[in-house]
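Readers should treat all values here as calculations from the given coordinates under stated rules, not as data from a laboratory. These numbers were taken from a predicted model, which means no experiment stands behind them. In this analysis, Cβ positions are derived from the backbone assuming ideal geometry, glycine residues included, and neighbour counts consider all displayed protein chains.
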Amino acid sequence: MIGEIRKGWLWVSLLIFLSFLISSLSLRGWWGIERIRRDFLSFLIPVEGIISFPLRTVSSAVEFLRSHSSLVKENAELRRKLSLVRHELSLLKREEGNKFVLRKGFIPCEVIFRFPDRWFSEIVVDKGKEAGIAVGMAVLGSKGLVGEVVEVSRKMARVRLITSGNSIIGALVKRSRSFGVLKGMGGAYCKLLYIPEEEDVTIGDLVITAGMGDTIPGGLRIGKVISVKKEGEFMEVYVKPLEDFSKLRNLWILKRR
Amino acid sequence: MGTLTPDLVLVVVFLFAYVRGGISAVFLSFGAGLMLDLRWEPVVGLSSVYLTVAAYLIDLFHRSPRFRSRSLKYIGVFLFLMLFYLFKFSFYSLLNVEYDVSYPVLLGRIVIDMLLFGIGTIVIGRGKSVTI
């Protein structure tokens, strides 16, 4: 019995040493670990999709039955708007002699999983290099900016949300053109930093992307100012994103020109 | 959310350690920890540490006559689950890795894991005609 316990402890010690070695390599960003992770996920995600298909089907059916009447109304409204947009598009085409070309494209995608311990930090979507996704592309929801693509594999992409503590985006207040830096706080809100104390910012102001640098273009809606405190050299401005980050599902990735 | 959820892997590892025990449970825990981290965590390797130690300790308790009591078994699983999450978030804090956690939700997940573990032991016990 004691011999077995000793032998067990030897193996446990060896495995613990191996675990710490692997975690050390992972912390240092060794490319081998990320490559293994990408290959593993490329195999696992489709399998999980198959296994979870019955549950998702039932869930969709229940959701459909629950929201049937509001869906009928929304459908009618969207058809009306679509016909209006088609009409405007045809006018534009005539005006520019059929040279109208969409300057930017949107790639639709779906959130396939979220990290339970980093709910407001990162998501993974079901489009990757094969669909033309690249690092740095902006990700939008139906109401505003959601995040930025930070890692791409063949069929998936990892998106850092604007609410992540590691997210920093150039932003400005649309009304007063006050420029600052939008930082995520790891929760449902963001903070707009480096707004000088004398700038004109009030509650309710719309915050948009500033478009500095080569990544996220300017003019994308982010959120609304919910709190302004004047303390010292800079103001403390809190922003509530327009998008509901607890319910991210169908998103769009903005292609760069 | 996915099939290879941390809770499911934890419960499977603990069940295997109880039923099979021995070095095979330790190796299974190590492999399961690596797969868990590859699927869910930014740092690969930390889950293997907790799971390997937990599987070995469960095996020791299981062999010892003093810990054959059913209530002690469930208390042990509850403590292991609490310690698992405590270690994980402590390491993340030390390593400055970003994480969000809701403690009421976490407690709910631990309770569900224990229920799953209990159901698992009953099902396996009936299949083997052995009281676990």
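The ellipsoid equivalent to the alpha-carbon distribution of region A:125-178 has semi-axes of 25, 11, 9 angstrom, derived from the gyration tensor eigenvalues as √(5λ) and listed largest first. Counting only chymotrypsin sites (Phe, Trp or Tyr not before Pro) that DSSP places in a loop and that have at most 16 other Cβ atoms within 10 Å, the longest clean stretch of chain A runs over A:101-257. In terms of Cα atoms, the Rg and Dmax of chain A work out to 23.5, 89 Å. Here, P(r) means the percent of Cα pairs in each 5 Å bin from 0 to the largest distance; for region A:2-61 it is 4, 15, 11, 12, 11, 11, 12, 11, 7, 4, 1, 0.
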